[in-house]
Amino acid sequence: MVYSCNSNVTGTDQNSSKACDTPDPGTVAGKFSTQEQMLIDTTVFEKFFKKYSEFKGYEKSVNKFYALRKNQLAWFSEKGIAEQSSILYNKIQDMTDNGLKKDVHYPIEYAQAMEAENRDSITWYELMITAQYLHFAEKVITGLPNKSLVENQWYIPRKKVSYSTMLENMLSDSSFILRKLVFYQYQLLREQLKRLKNIELNGGWPIPENIKYSLKPGESGRQVKIYKLRLRCENYELKDTSEYFFDSYLEDAVKLYQKNNGLNPDGVIGKETNKMMQYSIKQRIEQIMVNMERCRWLPPDTLKKYVIVNIPEYKLYVIEKDSVKLTMSVIVGKETHETAIFKSNITQIVFSPYWNIPTTILKKEIIPLVNRNPEYLIKNNMEWYNGHLRQKPGPDNALGGIKFIFPNPFNIYLHDTPTKHLFEKEKRNFSHGCIRIGNPIQLASYLLKDDNYWSEEKIKKEMNRKTELIIPMDEKVPVYIVYLTAFVNEEQKLNFREDIYKRDKQIMNMLLK
């Protein structure tokens, strides 16, 4: 998954926890309009918002906007309508390119404003264009309102955008809005959305039959032709050979397809591979739209160093200065104990940690086991401490030899595990919500690399202590726990993952409202 980008954007604050549901046009005044003579008639404002009530929510913002401009028109001059207003108009008409349904309030009146034939109505035209801009910015840059994020259990603070910077640059650079103001994956998914929509316009792609057997290299059959057609539609390269023969070219394409869909890349078309090919072009388009919306909820800028975990991908990445420094497999929460989506900062590394057993696990799992076997606590190295049950450090500790603390209300952290064999599985949602990592030594070495004391040997030694050791972090490294079921990887290949927590449909329904 590509998580890095090459932007250092002024006008955005990725650390702000304040949501920005509605753009503040008090800072929207663009430098593209330099005229000072033509003024807006402020007495019309109340009538405008009464007539065009869909824009009522922007009334205070519009008043503030023009007050800061000293009531100077933003979209018109003595020469007529500004060229940039036409650029904005075209962007709004092409809203579907941004994974949204076309949602333009008062399209006839908007078109009339673009013609601006009646100079007596110029205030109305000016207000129409400004209101359309605010609506567009809210949809494309900010996305669904905060209430929708909470309903989707998404707790990463929203980005705070300076809409003056956005407008000034958007109208002079058609790609600025995508490069600078949304998470980098947004632009990559947008390009893939265009490609899939073109496929849809040309008839879509074939869906193979639900087979109860596996197709293997060297075999032949009518279904082989269907699989070849499908893979070509999905942009996988296949040399022209016998249509019905499962040759080495098809095997290589199947392996890559499996890798890009989170499956075991064995080159055999079995039940799971066939299941992924049952998705229609319409379903995949909707999946991309949903994840473009999620990208609107993420900070747009790369930080100097951060950790990001993509739950459906079962992967952790460490990013520094726009480069992927580390990647490793993770185990996340099962469907009944979902891993939360949030942002925090790593503040501590704990070597040889105690596992303080949560009350729910104690009641539902530990106590029944103790009732069946009174020696259970002793055999599992557990003890009561200050009224709470905990597991002492050791080779069988559920947290392994190390955990990484980043404060959050969900009591979630990254940690080692004694059950390393589970990392061999493709689907890895086995935990109670915490995130088990495949290479904790590597992550600790990276986070402590600026301190020469912490060699790999020292880290291994401290992971095998009999007592817990807490190391505060000098540098608080941000951690993002995200949920993307569609993304573009470093090879620029479109990837899909199973919606393990069944959240895509809810977002799609919200987008279509």
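Rule-based calculations on the coordinates, nothing more; no lab input. Being a predicted model, the structure only gives us computed values, none of them experimental. Please note: Cβ atoms are built from the backbone with ideal geometry, for glycine as well, and neighbour counts cover all protein chains shown.
Would you please give the residues with an amide H less than 5 Å from that of Leu298, counting only those at least 5 places away or on a separate chain, with H modeled from the backbone geometry?
Amide H to amide H, under 5 Å and 5 or more residues apart or across chains, Leu298 pairs with Phe183.
By a straight-distance test (C-alpha under 17 Å), which aspartates and glutamates pair with Lys56 as possible cross-link partners, with residues fewer than eight away in the same chain excluded?
Asp21, Asp24, Glu46, Asp103, Glu109, Glu126, Glu138
So for Tyr306, Tyr453, fewest C-beta neighbours within 10 Å to most, what's the order?
Tyr453, Tyr306
Report the gain in length on full extension from Ser121 to Lys364: 0.36 nm times residue separation, minus Cα-Cα distance, nm rounded to one decimal. Numbers along the way, then the final one.
Numbers: separation 243, 0.36 × 243 = 87.48 nm, distance 7.01 nm.
Using 0.36 nm per residue and subtracting the Cα-Cα distance, I get 80.5 nm.
Convex hull over the alpha-carbon atoms of the range 299-505: what's its volume per residue in Å³?
On the way: hull volume 30.1 nm³, N = 207.
Taking only Cα atoms, the range 299-505 has a hull volume of 145 Å³ per residue.
In percent, how large is the relative contact order of the chain, given Cα pairs closer than 8 Å and 6 or more residues apart? Provide the component values of the computation, followed by the final result.
Details: 886 pairs, mean separation 90.6, N = 513.
The value is 18 percent.
FRET efficiency for Lys305 and Thr43, Cβ-Cβ distance as r, R0 = 41 Å, nearest 0.05? Write down the numbers at each step before the final one.
Details: r = 54 Å, r/R0 = 1.31.
In this case the efficiency is close to 0.15.
State the answer as a single residue: which of Trp355, Gln506, Ile226 lies farthest towards the positive end of the charge dipole of the chain, with beta carbon charges of +1 for Lys and Arg and -1 for Asp and Glu, about the Cα centre.
About the Cα centre, the residue reaching furthest to the positive side is Trp355.
Report, in listed order, any pair from Lys334/Lys427; Lys334/Lys420; Lys70/Lys102; Lys271/Lys427; Lys271/Lys420 with a Cα-Cα distance greater than 22 Å.
On the way: Lys334/Lys427 10 Å; Lys334/Lys420 17 Å; Lys70/Lys102 33 Å; Lys271/Lys427 15 Å; Lys271/Lys420 26 Å.
Over 22 Å Cα-Cα: Lys70/Lys102; Lys271/Lys420.
Using alpha-carbon pairs under 8 Å, 6+ residues apart, how would you state the relative contact order of the range 272-390 in percent? Mind showing how you got there, number by number?
Details: 74 pairs, mean separation 14.0, N = 119.
Reported relative contact order: 12 percent.
Which cross-chain or sequence-distant (5 or more) residues have an amide H under 5 Å from the amide H of Val488, H modelled 1.01 Å from N in plane?
Long-range HN contacts for Val488: Val2, Asn495.
Suppose the chain between Glu59 and Glu191 were pulled fully straight at 0.36 nm per residue; how much longer would it get relative to their current alpha carbon spacing?
Extending this stretch completely gives an extra 44.0 nm.
What list of ³J(HN,Hα) values in whole Hz, one per residue of the range 401-414 in order, does the Karplus curve 6.51 cos²θ - 1.76 cosθ + 1.60 (θ = phi - 60°) give from phi, with Gly and Pro shown as x?
Rounded to whole hertz, the list is x, 6, 9, 10, 9, 9, x, 6, x, 9, 6, 9, 8, 8.
Counting helices only, and only those DSSP H runs with n ≥ 4, report the 222 nm mean residue ellipticity of the chain as the sum of -39,500 (n - 2.57) divided by its residues, in deg cm²/dmol to the nearest 500. Present the calculation step by step, with values, prior to reporting the outcome.
Working: 18 runs with 170 residues, N = 513.
Value at 222 nm, helices only: -9500 deg cm²/dmol.
Give me a comma-separated list of calculated 3J(HN,Hα) values for the range 213-219, in order, Karplus coefficients 6.51, -1.76, 1.60 applied at θ = phi - 60°, integers in Hz, x for any Gly or Pro.
These are the phi-based 3J(HN,Hα) values: 10, 9, 9, 10, x, x, 8 Hz.
Go through Val479, His432, Asn411 and say which Cα lies farthest out towards the positive end of the charge dipole of the range 410-506; charges sit on Cβ, +1 for Lys and Arg, -1 for Asp and Glu.
Positive-end residue among those listed: His432.
If I compute log10 I(q)/I(0) by the Debye sum over Cα atoms at q = 0.06, 0.12 Å⁻¹ from the structure I just sent, which labelled value in [x] -0.38, -1.13; [y] -0.31, -1.12; [z] -0.53, -1.20 lines up?
After the calculation, the listed value that fits is [x].
Using a/c under 1.5 as the rounded threshold, could you call the range 205-279 rounded, prolate or oblate? The axes a ≥ b ≥ c are square roots of the C-alpha gyration tensor eigenvalues, and prolate needs a/b larger than b/c, oblate otherwise. Please report the intermediate quantities before stating the final value.
On the way: a/c = 1.24, a/b = 1.14, b/c = 1.08.
The shape class here is rounded.
Rounded to two decimals, what ratio of Rg to Rh does the range 231-356 give with C-alpha atoms and a Kirkwood Rh?
Working: Rg = 19.3 Å, Rh = 18.3 Å.
In the range 231-356, Rg relative to Rh is 1.05.
Highest mean first, how do 226-236, 196-206 rank when packing is the count of other Cβ atoms within 10 Å averaged over residues?
Values: 226-236: 18.1, 196-206: 13.8.
The packing order, highest mean first, is 226-236, 196-206.
Arrange the following residues from fewest to most other Cβ atoms within 10 Å of their Cβ: Asp322, Asp450.
On the way: Asp322 15, Asp450 9.
Fewest to most other Cβ atoms nearby, the residues stand as Asp450, Asp322.
Tell me, what HN-Hα J-couplings in whole Hz come from the Karplus equation 6.51 cos²θ - 1.76 cosθ + 1.60 at θ = phi - 60° for each residue of the range 198-205, using x for Gly and Pro?
In residue order, the calculated couplings are 5, 4, 4, 5, 8, x, x, 10 Hz.
Evaluate the charge dipole of the range 175-265 about its Cα centre and quote only its size in Debye, nearest 20, assuming +1 on the Cβ of each Lys and Arg and -1 on the Cβ of each Asp and Glu.
That gives a dipole near 420 debye.
Check which residues have an amide H placed less than 5 Å from Thr347's amide H, if you skip close sequence neighbours.
Ile405, Phe406
For Asn373 and Leu512 in the same chain, what is the full-extension length gain: residue separation times 0.36 nm, less their Cα-Cα distance, in nm? Could the numbers behind the result be given before it?
Details: separation 139, 0.36 × 139 = 50.04 nm, distance 5.45 nm.
The span from Asn373 to Leu512 would gain 44.6 nm if fully extended.
Give the residue from Asn464, Pro145, Val309 lying farthest towards the positive end of the charge dipole for the chain; charges sit on Cβ (+1 for Lys and Arg, -1 for Asp and Glu) and the dipole is referred to the Cα centre.
Highest projection toward the positive end goes to Asn464.
How high is the FRET efficiency from Glu475 to Lys255, r the C-beta distance, R0 41 Å, rounded to 0.05? All intermediate terms of the calculation are to be shown ahead of the outcome.
Numbers: r = 40 Å, r/R0 = 0.97.
The value I calculate is 0.55.
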